[in-house]
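Below is one structure, written out as structure tokens; the observations come after it.
Values in this text are rule-based calculations from the coordinates and carry no lab data. Small disclaimer: the values here were computed from a predicted structure and weren't measured. Note that each Cβ is placed from the backbone with ideal geometry, even for glycine, and that neighbours are counted across all protein chains shown.
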Amino acid sequence: MNKFENKEKNLNNLLDKLSNLTVSYSQSSYNSEKIKSEKDQLKSEKKEIEKKHEELIREHKYLKERLALLQKEVEKRSDIEKKFNQDIDELSQETESLVEEIEKWQI
């Protein structure tokens with residue numbers, strides 16, 4: 001962001017210098033109009049870039065929030081899976097115990 005602000009500051013300084021040049025030197029109106037046109041074009045491009053930058057910031061925020069939600073969901077599912085595996089282990093142990101008891105009674 002700081003880099004962007006520095007570039008903007010430099011661009012504004014350059015535009016001011018160009019404006020001063022056209023005023024201080026008597027140039028042909030063609031050159032003056034050309035410089036003014038280029039200045040206007042640069043301002044337009046700057047506005048477009050700023051708009052895209054804001055859109056990217058909004059998109060980044062949305063994606064960051066979405067990622068956090070997905071991470072929470074993955075953690076939740078992981079916890080459910082761990083609980084499920086524990087339940088299976090407990091049932092497996094109970095089954096083994098029951099089989100042992102049945103075998104004792106059959107003898």
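Bridgeable lysines around Lys36 (alpha carbons under 16 Å apart, same-chain partners fewer than 8 residues away excluded): Lys17, Lys46. Once the Cβ-Cβ distance between Lys83 and Tyr62 is put in as r, and R0 is 30 Å, what FRET efficiency do you end up with, to the nearest 0.05? So, using R0 = 30 Å, E works out to roughly 0.40. Here the Karplus curve 6.51 cos²θ - 1.76 cosθ + 1.60, taken at θ = phi - 60°, turns the phi angles of region 61-75 into couplings of 4, 4, 5, 5, 5, 4, 4, 4, 4, 5, 5, 5, 5, 5, 4 Hz, with x standing for Gly and Pro.
Using the Karplus relation 6.51 cos²θ - 1.76 cosθ + 1.60 with θ = phi - 60°, the per-residue 3J(HN,Hα) values for region 7-19 come to 5, 5, 4, 5, 5, 5, 4, 5, 5, 4, 5, 5, 4 Hz, with x marking Gly and Pro. Converting phi to 3J(HN,Hα) with the Karplus coefficients 6.51, -1.76 and 1.60 and the offset θ = phi - 60°, region 37-44 yields 5, 5, 4, 4, 5, 4, 5, 5 Hz in sequence order, with x at every glycine or proline.
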